[in-house]
Amino acid sequence: MPTRRSLVVSSALVPLSLSMRPREARAALKELRYRLIEDPESLHSGQSVSLTVSTCLNFLHDRLIYLDNTGKPQPWLAESWSFSDDSRQITFKLRPGTKFHDGTDLDAAAAKFHFDSILDPKLASPLRGTISALESCDLVDPMTFRLNFSRPFAAAMILFAASAYGFNSPTAVQKAGRQYGRRPVGTGPYMLKSWSAGTELVLVRNPRYRQLRPDAVNKGAPYADQITLTVLPEEGVAFSALQTGELSAAELQTDTVDRLRRDPRFAVVTDEKAKNFMFLEFSWRSPFDDRAMRDAVSHAIDREAIVRASYSGYGTINLNPLSSGIPGYDPSIGATHGTPYDAAKAAALLDQAGWKMGPAGVRAKDGKEAKFVLRSYASPVTDRALAVMQSNLAAIGVQVSVSTADWGTFYPSLLRDDWDMALNRWTYNDPQVMVNLFRPPGHRRKLPADAELTRILSGVESTLDPAERQKYVVEAQQAILERRLLVPILTNHAITITQAGLQNYTFDYLNQILHGDVRMSDW
Amino acid sequence: MTRYILRRLLIALPVVLGVLLVTFMIQAVIPTDAVTAMYEGQVTEDEAEEAIAAIRERFGLDQPWYVQFGRYVTHVMQGDFGESVRLRRPVAEEIGYRFVNTLQLTGAALLIGILIGVPMGILSAARKDTWLDVGAMTVGLLGISMPAFFFGLLLILVFAVWLQWIPVVPRGGAALLLPALTLGLIEAAPLSRIARSAMIEILRRDHIRAARSRGMSELSVIMRHALPGTLLAVMTVIGLQFGNLLGGAFIIEVIFGWRGIGELGVKAIQWRDFALTQAIILISAGAHIGANLVVDVLYAWVDPRVDYET
């Protein structure tokens, strides 16, 4: 009969013994190990809009098209495409011979299966929210399908280049049912071997793979035998794992990067085509319904100081209302229509508008002091940006009280009328982002009616011809800046630290790696 | 004893229901849900209006909160914790492996904490006001004061980066070592202080003086007469700590990439994924109730004077 003491000791040892498993032998493999900041929710393309999921899907899926270095769509799985006269239909013809990981063919029926699953209300795909204009998908012939839209939707072409629009094997989806998200089958360079929930995903080379992109180095099966994606949320732990060689590459925050950039064992890969955009917007309540006030605030913000404080200098100062990595971004528009940092000009603008400096260093007009509410979402990066902005505005006699909350609290709060300015950050691959945010009444329903701006932004949304659309994109940037609808601030760069011997780890226009190309120099 | 346990479990039911009810009411006043939170900083509500409505309908989020509450309670009673909007999987699947992970971490950490903390506290009490006592209590104070995230990173730096005895990203059983050690050493600190103060208090009692006057050795006095009383005090703390740890040791789980309940709980709240949040709250409440019940039962086992039947 066990004694009390032995019972206590043995029961406490159970958890330890349960977790003891033999270490895997991995030395002989050509293996690359990358960091994931979080466990992906599901690898069912079409069932998530998360950026982590998108990163993982890029190993598993090729897409219809890709964007070349100028942002122009090029054929990938699709051989060609055409638009209908009314721009409401896009017809894609697939290249023959592409196989899914399970050996089944990628044909127009498989493509239709994917788009139908996005449209099916029973499946409630979150991807539907990104392509609300899509109405249906028709089969034209075994290798051709047609997408029908309720209205011309130019951003679709860029969406189709994103990994969330990679095709799933219909056979595998039907076979796995609700478990498909854990057993994805695509057409990409790697296949999922195992997924240890919350810990790591192991992918193996797709031996049948052929790379159809002409810009790829490797046109055949990937160089690495295996990829391990390790979930490491904590920055310090990822940093340590890079130092001990347990990771081949890891995206790190800019604060951490500086400690490794002079170390010859590592290389810094900077993705300057990032699609994020930090900006300050206005509530439109008095006095921010006055262009002069918005103009003054726009000139008061020292963007260079924010790039340094928030991202250690790894970012592009932005004077345009568009991320510097999006097709259509043209710095000359910011130069002519933007509001560069000029504190003296900001102060003069306030003087002209009747805001007189008070004895306590706070301006006032008609008995109202220049004391305002600035909101944002909580993160170390925004905290530092807010501190700079608070100081910048104090320097011209505008006092702001800053409040932050998590996104789920912050963003809905912008529908209320108890704020003046909000620091926001948006990530989107297409100029459509200007339509979504600033077509009156705007994403927070604060902007006044503006027929001209609506016309221009609707042109951005619905013009499929690239040259014609570019005219609208330029015009939209100018119009938004002229109206001082926002203060563009920056686009921060994604920074990845790799082991020095890692080759071909480069980002394409949509910030994706061609994983079949990546190898260690000694392989 | 069986009647006592059944009575306690019956009392626990309204507590758990009350916790769930409050959670649902809070959910009703929060101005966002899992669907809009999913599109954070990427897609506006206007753009995704149709998709948002479809997802809400699919997961029943378009119903009033009391309807959702009624349905949830009915389903939970049938063992169905619902489906996560973000993960697109049954909540039970996700919670299941994470709860096992948290149990492993909690068990191993408490074992380390008990093995180090209790003897350290007893030794301090037995050698009160000596350098041993001062040294042990200083270490204990350090353990209580040191933030878990700092201590965890320190252990990684020493054992994985400098000494390279274990990998930074360990696999298998080794993965439990550092998180359990970090948490265990942190847990050892309060246990040692409780054990010390309880032991000092008991050593002043008359029955201890009587035992000493009968010529018993100090070791016998401590082990046979003082230890059972000390353990009663320590067990109370262990019970509370066990409940807390089962609710999740979030910082430790994040630092060491240990996928437990705490790490999921924070994510679930950020995602506004109420099916996940509610399941975690249920588990936390259940863990606290269960741990306290086990401690009460153990009281009677350790100290025969405790009788719950009368």
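The values are calculated or read from the model by the stated rules, or taken from the named source; none is laboratory data. Quick caveat: nothing in here was measured; it's all calculated off a predicted structure. Note: ideal-geometry Cβ built from the backbone for every residue, glycine included; neighbour counts use all protein chains shown.
Computed values, structure above
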| quantity | calculated |
| --- | --- |
| Tally, over the range A:397-420, of residues that are assigned to a helix (DSSP H, G or I) and either within 7 Å of chain B (Cβ to nearest Cβ) or in contact (Cβ under 8 Å) with a residue 12 or more places away in the chain (or both) | 6 |
| Residue count for the range A:229-283, restricted to those that are outside any helix (DSSP H, G or I), facing chain B (nearest Cβ under 8 Å) and within 16 Å of A:THR498 (Cβ to Cβ) | 5 |
| Qualifying residue in the range B:132-153 (condition: at pLDDT below 90, part of a loop (DSSP other than H, G, I, E, B) and surrounded by 15 or more Cβ atoms within 10 Å (Cβ to Cβ)) | yes |
| Some residue of the range A:207-222 being touching a Leu at 6+ places or on another chain (Cβ under 8 Å) and under 23 Å from B:VAL158 (Cβ atoms) | no |
| Check on A:LEU486, closer than 30 Å to A:THR52 by Cα and in contact with an Asp or Glu (Cβ under 7 Å, 6 or more places away or on another chain) | yes |
| Within the range A:291-395, helices (runs of 4 or more DSSP H) holding 1 or more residues that are polar (S, T, N, Q) and surrounded by fewer than 22 Cβ atoms within 10 Å (Cβ to Cβ) | A:331-337, A:343-352, A:380-395 |
| Hey, B:ARG88 within 29 Å of B:ILE252 (Cβ to Cβ), of a type outside the set (S, T, N, Q) and at the interface with chain A (Cβ under 9 Å from one of its Cβ atoms) or not | yes |
| Selection count, the range B:47-79, where residues are more than 14 Å from chain A (Cβ to nearest Cβ) and either in contact (Cβ under 8 Å) with a residue 24 or more places away in the chain or not polar (S, T, N, Q) (or both) | 14 |
| Test set (1) within 19 Å of the chain's Cα centre (by Cα); (2) more than 30 Å from A:PHE59 (Cβ to Cβ) - A:ALA476 fails condition number | (1) |
| Yes/no for B:SER192 being closer than 30 Å to B:VAL221 by Cβ, in contact with a Pro (Cβ under 9 Å, 6 or more places away or on another chain) and assigned to a helix (DSSP H, G or I) | yes |
| Of all residues in the range A:129-152 being buried (at least 22 other Cβ atoms within 10 Å of the Cβ) and at pLDDT below 95, the one that is farthest from A:TYR66 (Cα to Cα) | A:GLY129 |
| Any hit, the range B:155-169, residues being closer than 21 Å to B:GLY262 by Cβ, modelled with pLDDT under 85 and part of a loop (DSSP other than H, G, I, E, B) | yes |
| Candidates B:ALA92, B:ALA125 - the one that is in contact (Cβ under 8 Å) with a residue 60 or more places away in the chain and farther than 28 Å from A:VAL202 by Cα | B:ALA125 |
| Criterion violated by B:GLY257 - all others in (1) over 22 Å from B:GLY152 (Cβ atoms); (2) touching a residue at least 12 places away in the same chain (Cβ under 8 Å) satisfied | (1) |
| Flag if A:LEU510 is farther than 30 Å from B:GLN27 by Cα, assigned to a loop (DSSP other than H, G, I, E, B) and of a type in the set (A, V, I, L, M, F, W, C) | yes |
| Qualifying positions in the range B:243-256 - within 14 Å of another protein chain (Cβ to nearest Cβ) and surrounded by fewer than 24 Cβ atoms within 10 Å (Cβ to Cβ) | B:PHE250, B:ILE251, B:VAL254 |
| Selection count where residues are out of contact with any Phe, Trp or Tyr (no Cβ under 8 Å at 6 or more places or on another chain) and in a strand (DSSP E or B), scope the range A:187-210 | 7 |
